[in-house]
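The block underneath contains the structure these notes are about, expressed in structure tokens.
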Amino acid sequence: MLFGMKKVLSWLADINQRLHTVNQRSFSTDLSTTAQLFLQAKALNHINSANKAQIFNDIQLAEYKVFSQWNDDGIIQFLVEQLNIPNKVFIEFGVENYTEANTRFLLMNNNWSGLILDGSASNIEHVKRQEFYWKYELTAVHSFVTAENINRTIKENGFAGEIGLLHIDVDGNDYWIWKAIDTVNPVIVIMEYNSVFGDEMPWVTPYKDSFYRTDAHYSNLYFGASITSLVDLGEEKGYTFIGSNSHGNNAYFVRNDHAGAFRKLSAKEGYVVSKFRESRDEKGELTYLTGHDRLKLLHGMDIYNTRSNKVENIR
């Protein structure tokens, strides 16, 4: 039962706002700020734990931000505290320079080990120059991830078998890469989805090993997979879809043998319309489109239907 719900929610909102404010400052130069972030996150973790019955039905209630871009740190902390995960290892790719990433708090707060991959050599060199790189067991590798090389890359860096968490966010071939992975067996999988594709169509961009979203279409909206295709793939691979973050870009899956307490959702139930406005015109300028107007930009583009296994046109 929720204790003093209005008071708790007010306190939680206040802490989360202050946490978000100090999060804008420098992590590397202000140790007291970092310590404050961690302490406030721990307070939120206690609140989330006390309200776990409600969060099992709606994971968005656990949200807060430390290093994640979209408040995913709180959801991840709730999951790892509630699930029995013996092998505390993560893999995340598409991390850029790891300033904003979904596993950095897991690394530094929970002392997990992990592998991060990014297609930019300068991003990986930046990570290796940071203090946290020697303080924690992190492997950072420069690699442009494809469906063909992902298993080899994981194995070559010493990772295999059961791990705690896998997060895929490459703005393109996410579906195809998850489909290809068989060298690790994560308990939790976080997949970026393209909210522009809606909650009904089983769509993914056709596979191309060199896919780059800005080159694929000027709008920057033609990439990745619909939530429907990801939920279908999750079921094929033995995972339960438990919801999305409130920003409508990350879908959460828990392996079936660990998912008992969570409410299983359909794609439609867990779908969230994204409100961030990243669409661009042919000159590369932001156009700030929202809702269904974004999909209109992609009419006529090829899209792969994962249920019919055929390429069709977006209409």
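Only the coordinates and a few stated rules stand behind these numbers; no lab work does. All figures in this text were calculated on a predicted structure; none of them were measured in a lab. Cβ coordinates were reconstructed from backbone atoms using ideal geometry, including for glycine residues, and neighbour counts include every protein chain displayed.
Quick look at the values:
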| read-out | value |
| --- | --- |
| Net charge, D72 excluded, C-beta distance under 14 Å - Lys, Arg +1, Asp, Glu -1 | -4 |
| Dipole in debye (nearest 20) - region 83-313, about Cα centre, beta carbon charges: Lys, Arg +1; Asp, Glu -1 | 360 debye |
| Karplus-derived 3J(HN,Hα), 6.51/-1.76/1.60, for each residue of region 283-290, Hz, glycine and proline x | 8, x, 8, 4, 10, 6, 5, 10 |
| Chymotrypsin sites (Phe, Trp or Tyr not before Pro) within region 211-283, DSSP loop, no more than 16 other Cβ atoms inside 10 Å | Y212, Y218, F276 |
| Given charges at Cβ of Lys, Arg, Asp, Glu: the chain dipole, positive-most of Y175, L138, L83 | L83 |
| Helical mean residue ellipticity (222 nm; -39500 (n - 2.57) per DSSP H run of 4+; nearest 500) of the chain | -9500 deg cm²/dmol |
| Max mean-square fluctuation residue, GNM over the chain, Cα-Cα springs under 10 Å, options E137, E282, E235 | E282 |
| Surrounding net charge for S274, when Lys and Arg each add one and Asp and Glu each subtract one, Cβ distance under 11 Å | +1 |
| Relative contact order for the chain, counting Cα pairs under 8 Å that sit 6 or more residues apart, in percent | 13 percent |
| Proximal charge balance of L115 [Cβ under 12 Å; K/R count +1, D/E count -1] | -3 |
| Of G172, G158, G248, the one that fluctuates the most in a GNM where the chain has Cα springs shorter than 10 Å | G158 |
| Equivalent ellipsoid dimensions for the chain as semi-axes, Å, which come from the Cα gyration tensor, largest first | 29, 23, 21 |
| Under 5 Å, built H, 5+ apart or other chain: amide partners of T240 | V254, R255, N256 |
| Backbone N within region 147-189 under 12 Å of label point (7 Å from D209 Cα along the Cβ vector) | 147-150 |
| Folded to 0 to 90 degrees: helix 31-50 orientation relative to the chain principal axis, Cα | 90 degrees |
| Distance between modelled label sites at D58 and A160, nm, 7 Å Cα→Cβ extension | 4.5 nm |
